[in-house]
Protein chains: 2
Amino acid sequence: MAPTAEGSSDALWADFPRGPLDAYRARASFSWKDLQLFLEGEELIRFRNTIFSALENDPLFARSRGADLSLEKYRKLNFLRCKRVFEHGFFSMEDLAGNPLRVLTVIHCLGMYDWSLATKCVLHMMVFGSAIYNSGSERHLKYIEKIFNLEIFGCFALTEVSHGSNTKAIRTTAHYDPATQEFIIHSPDFEAAKFWVGNMGKTATHAVVFAQLYTPGGQCHGLHSFMVQIRDPKTLLPMPGVMVGDMGRKVGQNGLDNGFAMFHKVRIPRQDLLNRTGDVTPEGTYITPFKDVRQRFGASLGSLSSGRISIVSMSVVNLKLAVAIALRFSATRRQFGPTDEEEIPVLEYQLQQWRLLPYLAAAYALDHFSKTLFLDLMELQRGLLARDRSARQAELGREIHALASAGKPLASWTAQQGIQECREACGGHGYLAINRLGDLRDDNDPNCTYEGDNNVLLQQTSSYLLGLLEQRHQDGTRFESPLRTVDFLEAYPSILGQKFRGSCSADWLDSTAPLAAYKWLVCYLLRESYQKFNQEKRSGSGDFEARSNSQVYHCRSLALAFMELTVVRRFHEFTHGPGVPPPLRPVLGRLSALYALWSLSQHLALLYRGGYLAGEQAGKSVEQAVLDLCAQLKDDAVALVDVIAPPDFVLDSPIGRADGELYKNLWSAILQEGKALQRPSWWPEFSVNKPEVGRLKSKL
Amino acid sequence: MAPTAEGSSDALWADFPRGPLDAYRARASFSWKDLQLFLEGEELIRFRNTIFSALENDPLFARSRGADLSLEKYRKLNFLRCKRVFEHGFFSMEDLAGNPLRVLTVIHCLGMYDWSLATKCVLHMMVFGSAIYNSGSERHLKYIEKIFNLEIFGCFALTEVSHGSNTKAIRTTAHYDPATQEFIIHSPDFEAAKFWVGNMGKTATHAVVFAQLYTPGGQCHGLHSFMVQIRDPKTLLPMPGVMVGDMGRKVGQNGLDNGFAMFHKVRIPRQDLLNRTGDVTPEGTYITPFKDVRQRFGASLGSLSSGRISIVSMSVVNLKLAVAIALRFSATRRQFGPTDEEEIPVLEYQLQQWRLLPYLAAAYALDHFSKTLFLDLMELQRGLLARDRSARQAELGREIHALASAGKPLASWTAQQGIQECREACGGHGYLAINRLGDLRDDNDPNCTYEGDNNVLLQQTSSYLLGLLEQRHQDGTRFESPLRTVDFLEAYPSILGQKFRGSCSADWLDSTAPLAAYKWLVCYLLRESYQKFNQEKRSGSGDFEARSNSQVYHCRSLALAFMELTVVRRFHEFTHGPGVPPPLRPVLGRLSALYALWSLSQHLALLYRGGYLAGEQAGKSVEQAVLDLCAQLKDDAVALVDVIAPPDFVLDSPIGRADGELYKNLWSAILQEGKALQRPSWWPEFSVNKPEVGRLKSKL
């Protein structure tokens, strides 16, 4: 356990300026410093402080308020900042190998500042770098050093114009020519152009390109990845045969240059095949340690979990930023009141509490889940490095794949909806760009799409669960998994017979009750999904069609419910564990219960329909408990935000600043815009060039 | 009835180019031209065609693909386009007086092109103009002509930095000085600065300013509106004492210049008080035709319904554009399939149908509602002009206020969620800015906020319903309203005794069944809300607190359910009416049933809890019916989109073009961006100025 706040607070935290938030801070039931220390530990807090102050003290990172950057300028600035990140040495080889939690912290810190910057760095170093490291072999290690020196700049080129989710159908080809010992990389047509590739638009010199590998004689060995130079590092001009360009403006993350590339018979050395899962001899014979294409394909895409798990944590960061802004706003914005004379903070309204506090609870619950899942992933990767071929290691891989595939949808959607709610809860002020909720929403949006569309990904999780059930039926295999997320299903028949026995809201105020309800719900949806799939099969559908027709209301709901249960359970166990300092127990318990119950309340119809709940009182008691928890948490809301909000410079939202001087901050930010008070340059268009109204009307 | 498509199709419609959408078009169960003619009528279709081709043929409206406009340039362009709209004479005095449906059509056409343009025109002409027309008197008519000539440019200044929803608390003052017969307009401090005022940022010369009127002696007579000149039309420089400026970038609608203004003892002539509801004599005596401040206040803000009803229709336009893009994409994007060889359009997946088709149905149902509500408003306004003082006229005003106050939230939220779903359903391509889903979402977002925050507005509707119930209890007044939206409540006790008697999905396939369920639901929520409010009162809460604590799960749900019922009922009656041509009946009936059932399915928990539904089968049958309707509608989806989509030039989305050439359009749009293939201007920052990695690390 880290030292208490009292011991070392000077170095770790600056005190907040006094101001309109004092009243709520004074009413908090706990010390925000104690909670932050308990959740993060002193070392990570210090590391984060170091990064944040490096950014704040470097003019290159000065917030370009109202600078109204063009795409070109924003991308330049973002690249310059990326270089500076390397100069600061935030990412280190040692951390990448030995302390991945620190690496994740750097990504989050950069993302809190600007996701364009974080993704630019991550795509180059982590995605491009680990593709080479994990899919290549010793002969490719030379590239790793060049990545760290920025001698080359990299990107990861899988998606094509006409294929994203269906990666197997990728159409770029790599034909091996034994005469020159080269691969010929080729795009058959523009629909097979690589597309959406981050860093490819303007900066990347090298790409890991996925292509169908053909050996002489025309045999296709499936998708492999190749190191392809696309630009000359000396000039940034395209290499011969490569047509590479920028996709232009996106909804968000516009500091990042997403691009496309078409290859016209581009020759690369045989050695630039990333050959971990398959290689070609100089003579043109294909060799692989895997028995069949499917197995090899699975192994080559197996590293996708880590991308998805990163996205879980990125989504959580966005949710934290948004609720921090909206709750500080709500604690200082006053509107209406019991009398005409006195207006009350909008946070005092039950409706505002109900709109925002569940998302605050979700930020805490999902943050905990995200950290634990990351640790699980580390365990998996240790096994991979140790070439662990045990059944447990394989099972762990499957389980983490299932958790990552539903965790990303749950986290990214929760963030998406939470940011939208925060935007609306801040009214017009939330719509002003400088308050950042728009950027958060836009930058979070791709989390719902990349590394697998959310709806498509959920099928991975439901298939995992249905596969376990099928095995149980076929040969009595127990429900058991290394992380124990499915073990409760062993009691599946008896859980389905359970009913809620409580009668009032007090029966729901601890997360134990919603947890039990969730277990029932997952069992119910598992049974329903299994029956639905088999019924489709019996009525003549093939596997593909039966699976397609079992998604809505069945497998999709199953995957989400299972994921919510897992998040709820991990946060429940954490908040109820013996390690929690007693002063923090009440507030953490309430967060746990609120997230659990609020999530569960989306499924009340199923709980009634399947008989877990009965009678009017049951549903009412859930609603009342949600409202009771909101009321209990509202005085803690500002302190809970203080725990998760970055410094003002990083949060970068006048209405969300820690001093709570809502209007002063907003007013001064607007006046600081260079041209706020200027007459428009085009004023003669109004004053001199008067229109002749209706002049063109005859043409109507 | 308009002529059939066969008669006059040449002039009304160009045929769609042949292409990948042909297959779906051929499978449609109806003629899209017949449906468009039935819904819109020949005259409006022709009028719209005229507007659209005027835009398409005018270089000023050329789409600025990738032009990467700065705020300054976009606002200039938007103003130039606004002038051109006046030159085209799209808005005419005659239409404003006699044919408001044409005016609405112009707004929609401009909005489909770009909401920044539509709102700029509307704020100047309709909002500023009608504020003067409705709140002023003969002496202010001189301004109306200047509005139409663009001699002056106007804005409507109500909201302040610290007050929006609570309009009564507005703090700008207007003190009357009999010595000079002037009002002195003053902002006590920056928190009382006018804020968010559209057109005020750069262009407006005049503002309708809301301020507390004080007569000599210091008596305050409440909020009144004043005509205040804020800039010199000859120079666009601010008038003395006026500090006026631009709020900068917003999340969307950035062609529109939202602004702020502080008034430092600005003197305006006595005559510039808009004196319909109250006036001051030259000597300084306040006179009003109203008995008390509250009544006068109500009258002065009574015109808000028309703003909200416009927003309903604007939201519907956005929803139509989004579903048009997403459905054409879904019909041409292929991904996966039953075999590795054959990929199928993603629209063939039940999941994709379920994500999108309900929003298509919602676009149709809400469009119909929006039109009928607009006609109701016209009736109300005819009565106002005729100075109808009947009880029916007053009741009509209250009913329309209730419908507008919940209609705006329902429509704007449905559009918000629908656009988001469409964005995600188009995957990465939906995230590319040129495909426009991001802009639609950003431009639609303020519909949730302005003219009253959605959550706050819903209270108006629930209060209306609870007021009727209270009257019923107190003196037996019948539930009756001019538009008959509440008449069914007369059977309130017996409706509450009803239960769903069906057993299978077929029982839900017509909108009659969900309609009956909705009636029960509204009665249930009305009773629950009434009891909740009274229980709060009994336990000691004041009115303010009791109302606040009855919103979540009660009044808020009541208002939304009542609104959904009204939309469902009006669309049900329309689609089942005798006027529907027989070939169109099946498809319209399915749209009606799908919207009704899908909306209702959000409330299944309440239907179970209150006993309207019982047993597992009931809930399953609702789900199955939704999926059945989706399956029945998917082959009609493209034709249904053809009915509501504007021409390609206006829809402006490569993935949503009518020819269905998804990839060709996308590819060519990206390559048309001027700099797509260019090396970045800052290439030496990579190639020459190499970073010294870790150089700054010592500071860590």
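The residues of region A:655-676 that are in a loop (DSSP other than H, G, I, E, B) and modelled with pLDDT of 95 or more, listed by number, are A:Arg657, A:Ala658, A:Asp659, A:Gly660, A:Glu661. With respect to the conditions (1) within 19 Å of B:Leu696 (Cβ to Cβ); (2) of a type in the set (D, E, K, R); (3) open to solvent by less than 30 Å² (accessible area, probe 1.4 Å), A:Arg75 falls short on a single one, namely (1). Here the condition is being open to solvent by less than 10 Å² (accessible area, probe 1.4 Å), of a type outside the set (S, T, N, Q) and away from chain B (no Cβ under 11 Å); of A:Gly129, A:Gly98, it holds for A:Gly129 alone. Being more than 17 Å from B:Lys320 (Cα to Cα), within 14 Å of chain A (Cβ to nearest Cβ) and surrounded by fewer than 18 Cβ atoms within 10 Å (Cβ to Cβ) is a description that applies to B:Pro338. None of A:Val626, A:Val568, A:Val580, A:Val587 is β-branched (Val, Ile, Thr), within 14 Å of another protein chain (Cβ to nearest Cβ) and open to solvent by less than 30 Å² (accessible area, probe 1.4 Å) except A:Val626.
Restricting attention to region B:164-199, and to residues there that are surrounded by fewer than 17 Cβ atoms within 10 Å (Cβ to Cβ) and either within 12 Å of chain A (Cβ to nearest Cβ) or free of Cβ contacts under 8 Å to residues at least 40 places away in the same chain (or both), which single residue is nearest to B:Thr215 (Cα to Cα)? Lay out the reasoning, then the answer.
Step one: list which residues in region B:164-199 are surrounded by fewer than 17 Cβ atoms within 10 Å (Cβ to Cβ), which gives B:166, B:168, B:177-181, B:188-189.
If we keep only those that are either within 12 Å of chain A (Cβ to nearest Cβ) or free of Cβ contacts under 8 Å to residues at least 40 places away in the same chain (or both) too, we end up with B:166, B:168, B:179, B:188-189.
Numbers: B:Asn166: 23, B:Lys168: 18, B:Ala179: 12, B:Pro188: 17, B:Asp189: 21 Å.
Step by step, filter region B:164-199, then rank; the result is B:Ala179.
Do you know which residues across region B:458-476 are open to solvent by less than 10 Å² (accessible area, probe 1.4 Å) and within 14 Å of chain A (Cβ to nearest Cβ)? I'd like the intermediate steps shown before the answer.
Taking region B:458-476 first, the residues open to solvent by less than 10 Å² (accessible area, probe 1.4 Å) are B:458, B:461-462, B:465, B:469.
Once the filter is applied, which keeps residues that are open to solvent by less than 10 Å² (accessible area, probe 1.4 Å) and within 14 Å of chain A (Cβ to nearest Cβ), region B:458-476 yields B:Leu458, B:Ser462.
Determine which member of the set B:Val567, B:Val580, B:Val587, B:Val522 is over 30 Å from B:Phe38 (Cα atoms) and of a type in the set (Val, Ile, Thr). Give the derivation first.
Details: B:Val567 fails: over 30 Å from B:Phe38 (Cα atoms); B:Val580 fails: over 30 Å from B:Phe38 (Cα atoms); B:Val587 fails: over 30 Å from B:Phe38 (Cα atoms).
Of the residues listed, the single one that is over 30 Å from B:Phe38 (Cα atoms) and of a type in the set (Val, Ile, Thr) is B:Val522.
Evaluate the following for A:Tyr530: is it of a type in the set (Phe, Trp, Tyr) and in contact (Cβ under 8 Å) with a residue 60 or more places away in the chain? Criteria met by A:Tyr530.
Across region B:58-65, not a single residue is classified as buried (at least 20 other Cβ atoms within 10 Å of the Cβ), acidic (Asp, Glu) and more than 30 Å from B:Glu379 (Cβ to Cβ). When the residues of region B:677-698 are narrowed to those that are more than 7 Å from every other protein chain (Cβ to nearest Cβ) and outside any loop (DSSP other than H, G, I, E, B), which ends up surrounded by the fewest Cβ atoms within 10 Å (Cβ to Cβ)? Result: B:Ser698. Number of residues in region A:111-126 that are more than 20 Å from A:Glu94 (Cβ to Cβ) and either modelled with pLDDT under 95 or open to solvent by less than 10 Å² (accessible area, probe 1.4 Å) (or both): the value is 7.
Among the listed residues B:Gly430, B:Gly407, B:Gly383, which satisfies the condition of being crowded, with 24+ Cβ neighbours inside 10 Å and over 30 Å from B:Asp68 (Cβ atoms)?
Details: B:Gly430 fails: over 30 Å from B:Asp68 (Cβ atoms); B:Gly383 fails: crowded, with 24+ Cβ neighbours inside 10 Å.
That would be B:Gly407, the only listed residue that is crowded, with 24+ Cβ neighbours inside 10 Å and over 30 Å from B:Asp68 (Cβ atoms).
Just a yes or no: is a residue in region A:39-51 part of a helix (DSSP H, G or I), at the interface with chain B (Cβ under 9 Å from one of its Cβ atoms) and buried (at least 16 other Cβ atoms within 10 Å of the Cβ)? Checking region A:39-51: at least one residue is part of a helix (DSSP H, G or I), at the interface with chain B (Cβ under 9 Å from one of its Cβ atoms) and buried (at least 16 other Cβ atoms within 10 Å of the Cβ). Counting only helices (runs of 4 or more DSSP H) that fall entirely inside region A:377-456 and contain at least 1 residues that are closer than 21 Å to A:Thr167 by Cβ, the qualifying elements are A:391-425. Among residues of region B:430-457 that are facing chain A (nearest Cβ under 7 Å), those with a Cβ under 6 angstrom from a residue that is among the aromatic types (Phe, Trp, Tyr), sequence gap 6+ or separate chain, pair up as B:Pro446/A:Tyr431. Within region B:305-335, the set of residues being basic (Lys, Arg) and either more than 14 Å from chain A (Cβ to nearest Cβ) or open to solvent by less than 10 Å² (accessible area, probe 1.4 Å) (or both) comprises B:Arg308, B:Lys320, B:Arg328.
Is it the case, given these coordinates, that A:Ala639 is in a loop (DSSP other than H, G, I, E, B) and away from chain B (no Cβ under 11 Å)? Spelling it out, it is not the case that A:Ala639 is in a loop (DSSP other than H, G, I, E, B) and away from chain B (no Cβ under 11 Å). The residue of region B:132-141 that is modelled with the lowest pLDDT, among those that are open to solvent by 20 Å² or more (accessible area, probe 1.4 Å) and within 20 Å of B:Glu94 (Cβ to Cβ), is B:Asn134.
For B:Gln602, the criteria (1) touching a helix residue (DSSP H, G or I) at 6+ places or on another chain (Cβ under 6 Å); (2) modelled with pLDDT of 95 or more; (3) facing chain A (nearest Cβ under 10 Å) hold in every case but one, which is (1).
Within region A:158-180, is even one residue in a strand (DSSP E or B) and of a type in the set (A, V, I, L, M, F, W, C)? First the steps, then the outcome.
Step one: of region A:158-180, the residues in a strand (DSSP E or B) are A:160, A:163, A:173-177.
With the extra rule that they be of a type in the set (A, V, I, L, M, F, W, C), the set shrinks to A:174.
Yes, there is a match, as at least one residue in region A:158-180 is in a strand (DSSP E or B) and of a type in the set (A, V, I, L, M, F, W, C).
Residues in region A:200-222 that are assigned to a loop (DSSP other than H, G, I, E, B) and either open to solvent by 20 Å² or more (accessible area, probe 1.4 Å) or modelled with pLDDT under 95 (or both): 3 in all.
The values are calculated or read from the model by the stated rules, or taken from the named source; none is laboratory data. This one's a predicted model, so the numbers in the text were calculated from it and none came from an experiment. Glycine also receives a Cβ, built like all others from the backbone with ideal geometry; neighbour counts cover every protein chain displayed. These accessible areas exclude ligands, DNA and RNA; they are computed on the full protein's heavy atoms, side chains included. Shrake-Rupley method; radii C 1.70, N 1.55, O 1.52, S 1.80 Å.
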